[in-house]
Amino acid sequence: DVKVTQSSRYLVKRTGEKVFLECVQDMDHENMFWYRQDPGLGLRLIYFSYDVKMKEKGDIPEGYSVSREKKERFSLILESASTNQTSMYLCASSPSDRLYYGYTFGSGTRLTVV
Amino acid sequence: QQQVKQSPQSLIVQKGGISIINCAYENTAFDYFPWYQQFPGKGPALLIAIRPDVSEKKEGRFTISFNKSAKQFSLHIMDSQPGDSATYFCAASIVTGGGNKLTFGTGTQLKVEL
């Protein structure tokens with residue numbers, strides 16, 4: 001029973017392309033997050049959203065944007081992909097009424113920019 | 001500036017031994033400290049969590065020890081098994097009315113040998 005689904009496991013894109021990473025959750029969670037995971041750096045927060053149409057910058061938002069038109073879907077957009085955006089991207093969600101509940105993560109999208 | 005520092009980066013433990021992973025934080029406003037376990041090809045999954053009003057929490061073979069005055073917390077895995085081989089992340093967050101934005105450590109790759 002998959003609860004947070006990321007549309008692609010692996011993506012290869014060219015430098016300068018506009019890239020869309022999609023995330024869908026079926027748990028009716030209000031909060032959604034995008035992290036990138038790099039060896040030795042752990043998970044770093046790119047953007048998050050506590051409600052539909054709402055977005056907040058995380059720690060490393062440069063070069064990224066997001067869209068949340070529906071509660072269950074949170075998209076990460078790389079406006080012009082660069083090689084330093086090659087990484088594992090993880091989407092997560094959490095409920096707003098159980099803030100000590102923790103996150104549910106997707107399996108990740110490994111993006112390679114060539 | 002890294003707000004949650006995790007050590008060691010990698011750890012090898014013999015089957016049946018105790019695995020210990022340490023984290024230190026800087027922001028005294030943090031009030032939720034979860035640990036996540038990640039297997040290759042999967043997203044991180046919540047393992048155990050603690051709030052700063054208790055000094056220890058135990059769930060099966062996994063124990064979190066929390067030292068508020070030292071701003072440190074650690075994960076102990078008793079009777080470590082080969083199936084525990086994974087990457088472990090500590091995290092911390094400030095829970096607000098809107099949500100809980102997690103800040104992660106850099107991760108510890110644990111290998112349990114037979």
(request) Hey, could you check the range A:93-114 for residues that are among the polar types (S, T, N, Q) and crowded, with 23+ Cβ neighbours inside 10 Å and say which is nearest to the other protein chains (Cβ to nearest Cβ)? (result) A:Ser94
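Working carefully through the options A:Leu21, A:Leu90, find the one that is within 12 Å of chain B (Cβ to nearest Cβ), among the aliphatic types (A, V, I, L, M) and crowded, with 18+ Cβ neighbours inside 10 Å. Give the steps one after another, and end with the answer.
Values: A:Leu21 fails: within 12 Å of chain B (Cβ to nearest Cβ).
From the options A:Leu21, A:Leu90, the qualifying one is A:Leu90.
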(message) Pairs please, first residue from the range A:26-41 and within 8 Å of another protein chain (Cβ to nearest Cβ), second anywhere and among the aliphatic types (A, V, I, L, M) and buried (at least 17 other Cβ atoms within 10 Å of the Cβ), Cβ atoms under 7 Å, 6+ apart in sequence or on different chains.
(response) A:Phe33/A:Leu45; A:Phe33/A:Ala92; A:Tyr35/A:Leu43; A:Tyr35/A:Leu45; A:Tyr35/A:Ile46; A:Tyr35/A:Leu90; A:Tyr35/A:Ala92
(message) Among the residues in the range B:35-47, are any aromatic (Phe, Trp, Tyr) and under 26 Å from A:Asp97 (Cα atoms)?
(response) yes
(message) When the residues of the range B:30-74 are narrowed to those that are over 11 Å from the mean Cα position of the chain (by Cα) and among the aliphatic types (A, V, I, L, M), which ends up nearest to the other protein chains (Cβ to nearest Cβ)?
(response) B:Ala45
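Looking only at the range B:94-114, count how many residues are assigned to a strand (DSSP E or B) and more than 7 Å from every other protein chain (Cβ to nearest Cβ).
Selection size over the range B:94-114: 8.
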(request) Within the range A:40-58, identify whether any single residue is hydroxyl-bearing (Ser, Thr, Tyr) and farther than 18 Å from B:Asn100 by Cα, and answer yes or no. (result) no
(request) Consider B:Tyr32 carefully, then state whether it is at pLDDT 95 or above and of a type in the set (Ser, Thr, Tyr). (result) no
(request) State all residues of the range B:1-29 that are in a loop (DSSP other than H, G, I, E, B), at pLDDT 95 or above and within 10 Å of chain A (Cβ to nearest Cβ); if no residue qualifies, say none. (result) B:Gln9
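The values are calculated or read from the model by the stated rules, or taken from the named source; none is laboratory data. Note that the structure is predicted; figures quoted are calculated from it, not measured. Neighbour counts are summed over all protein chains in view; Cβ atoms, including those assigned to glycine, are modelled from backbone coordinates with ideal geometry.
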